[in-house]
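For reference, the structure discussed in these notes is given below.
The values are calculated or read from the model by the stated rules, or taken from the named source; none is laboratory data. Just so you know, these numbers come straight off a predicted model, no measurement behind them. Counting neighbours? That spans all protein chains shown, and the Cβs are built from the backbone with ideal geometry, glycine included. Please note that ligands, DNA and RNA were not included when accessible areas were found on the heavy atoms of the full protein model with its side chains. Shrake-Rupley method; radii C 1.70, N 1.55, O 1.52, S 1.80 Å.
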Amino acid sequence: MPYRDLKETGRDKRDVAIIVITSLIFAGLYIAYEQPIMEYGRNPEHALLWRFLPVAVIQYGMAGLGISIVLCKNRESLRQHGLVMKNLLWSAAGCLAVSVPTILFLYFTGDIHGFLPFQGMFLTEDILYAAFPCNIIGYLAVAVIWGFFEGLYYIVLSDKINALKAPKGVCNTGALVCAVFAILIHGMIGTSAEVLLEAAATFILMYGSLVIRDKTGNAWGNILIFFFVWNAL
């Protein structure tokens, strides 16, 4: 293998390690301090900003910090990871199609509560009811951290893994690792029919959307999933 290829392979391995280790560190912090963070965050006696900051830091640490370090370190542009206009409609349509099992699962389990992006984040409604312009600024912060960065996380991680092991057809190692990681990190572990169906729907959503990103060269559909499907229904 040429020297340049070895150098790039080493870089990609380090990038994957940075992304995964950073996520696991903040996931560990959340597990360790979940109760006080959630109790503080749900207590309306505290200022909304201070209730929001701990969960925002944890979420950004899990989804955004590692990829931000990698992108800045390598001076990689978002265009290199599929945030382009070409094939945007194909990307959006394909990602909508692989979202159908998740939408059906939510419908049949009675977990659709109306459409509101990021309603799954427990402070979203409090932020929206805050005074102007705090409500706008807060909601934009939620959209960036829980929407853009979480979607971008799986895109960049999948791209880095696929740089080490190139996809063949629909066999996509990056998509597979990200789909399994999403299932585990969101606690879809168990043997009940409901848990297994939720995990299967999530696997189709994550794996399918990342294969579509690879096939179309466009990743906007992956981002839009986190705005209009994940935590939005």
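Annotations for the structure displayed:
- Residues of the stretch 115-136 that are within 24 Å of residue 225 (Cβ to Cβ) and open to solvent by less than 60 Å² (accessible area, probe 1.4 Å): 116, 117, 118, 119, 120, 121, 122, 123, 124, 127.
The rows are residues; the columns are (1) β-branched (Val, Ile, Thr); (2) out of contact with any Pro (no Cβ under 9 Å at 6 or more places or on another chain); (3) open to solvent by 20 Å² or more (accessible area, probe 1.4 Å).
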position: 138; (1), (2), (3): no, yes, no
position: 145; (1), (2), (3): yes, yes, yes
position: 152; (1), (2), (3): no, yes, no
position: 158; (1), (2), (3): no, yes, no
position: 171; (1), (2), (3): no, yes, yes
position: 179; (1), (2), (3): no, yes, no
position: 185; (1), (2), (3): yes, yes, yes
position: 189; (1), (2), (3): yes, yes, yes
position: 195; (1), (2), (3): yes, yes, yes
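- Residues that are in a helix (DSSP H, G or I) and in contact with an Asp or Glu (Cβ under 9 Å, 6 or more places away or on another chain), drawn from the stretch 163-209: 163, 164, 174, 175, 183
- Number of positions in the stretch 197-226 that are open to solvent by 40 Å² or more (accessible area, probe 1.4 Å) and over 22 Å from residue 88 (Cα atoms): 4
- Number of the condition not met by residue 154 [criteria: (1) outside any helix (DSSP H, G or I); (2) under 25 Å from residue 201 (Cβ atoms); (3) touching a Ser or Thr at 6+ places or on another chain (Cβ under 9 Å)]: (1)
- Some residue of the stretch 214-231 being under 21 Å from residue 119 (Cβ atoms), part of a loop (DSSP other than H, G, I, E, B), touching a residue at least 12 places away in the same chain (Cβ under 8 Å) and in contact with a Gly (Cβ under 6 Å, 6 or more places away or on another chain): yes
- Sub-8 Å Cβ pairs linking a first residue in the stretch 7-29 that is among the hydroxyl-bearing types (Ser, Thr, Tyr) to a second residue that is at pLDDT below 95 and not in a helix (DSSP H, G or I), at least 6 apart or interchain, are 9/1, ordered by first then second residue.
- So residue 76, is it farther than 18 Å from residue 142 by Cβ, free of Cβ contacts under 8 Å to residues at least 60 places away in the same chain and open to solvent by less than 70 Å² (accessible area, probe 1.4 Å): yes
- Being farther than 18 Å from residue 232 by Cβ and of a type in the set (Ser, Thr, Tyr) is a description that does not apply to residue 99.
- Count - residues of the stretch 18-41 that are open to solvent by 40 Å² or more (accessible area, probe 1.4 Å), under 25 Å from residue 175 (Cα atoms) and out of contact with any helix residue (DSSP H, G or I) (no Cβ under 8 Å at 6 or more places or on another chain): 1
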